[in-house]
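Asker: Take this structure first; my questions come after.
Read the figures in this text as sums done on the coordinates, not as results from a lab. The structure displayed is predicted, hence computed values, not measured ones. Cβ sites come from the backbone with ideal geometry, for glycine too, and all protein chains shown count toward neighbours.
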Amino acid sequence: MHDPDDPPPQCGWRPGEYWMVFRLTLPTNLFWLVAYIIAFIFLVPHLARGQDHHHPARDVPIHEKFYSTWYMPDNPNKSCCNKQDCYPTEVKFQLGHWWARRREDGKFIPVPDTKIERHRDNPDGRNHVCMPPPGSYNAGEVFCFSLGTGG
């Protein structure tokens, strides 16, 4: 039982302790703040540059020519892309269908058979896809797909 003459138990912080802890952790917090800022400064330009094409620089002209004249296999009057949606991609064949990796998030998206190019070779023998990024109104749709020759 509690004796009424005993002082109340100490709970929480005593006056002055908060500033002592803050003073001890301030250099650590400041270190991490500066580290995050530096990482952000160096990482953001690299990520932005990585979203441009995902092609080797020497291939950009041939890809742009290929993409600018590429029309949907199931709708030959409609262009596949706007120069931002098309890029070389990794593919896999699973469950009887081709799947193309979306560059923005690495997710494999199923390629409808009607979107596979069968009447035109691609310029470099690699797999190419035209699809919108995640978050767009038609995300998950494939506009055009060209299977590489492996060369």
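Asker: Please give the length that would be gained between E104 and I116 if that part of the chain were fully extended, namely 0.36 nm times their separation in residues minus their C-alpha to C-alpha distance (nm, one decimal). Numbers along the way, then the final one.
Answerer: Numbers: separation 12, 0.36 × 12 = 4.32 nm, distance 2.11 nm.
2.2 nm is the gain from fully extending E104 to I116.
Asker: Quick one: which residues, 5 or more positions from I109 or on another chain, have an amide H under 5 Å from its amide H? H modelled 1.01 Å from N in the peptide plane, none for Pro or chain starts.
Answerer: Hits under the 5 Å cutoff: A100, R101, R102.
Asker: Label the range 59-146 by shape, choosing from rounded, prolate and oblate, from the square roots a ≥ b ≥ c of the eigenvalues of the Cα gyration tensor; if a/c is under 1.5 it is rounded, and otherwise prolate applies when a/b is larger than b/c, oblate when it is not.
Answerer: Rounded, since a/c falls under 1.5.
Asker: Starting from the Cα of Q94, step 7 Å toward the Cβ, then list every residue of the range 122-151 with an amide N under 11 Å from that point.
Answerer: none
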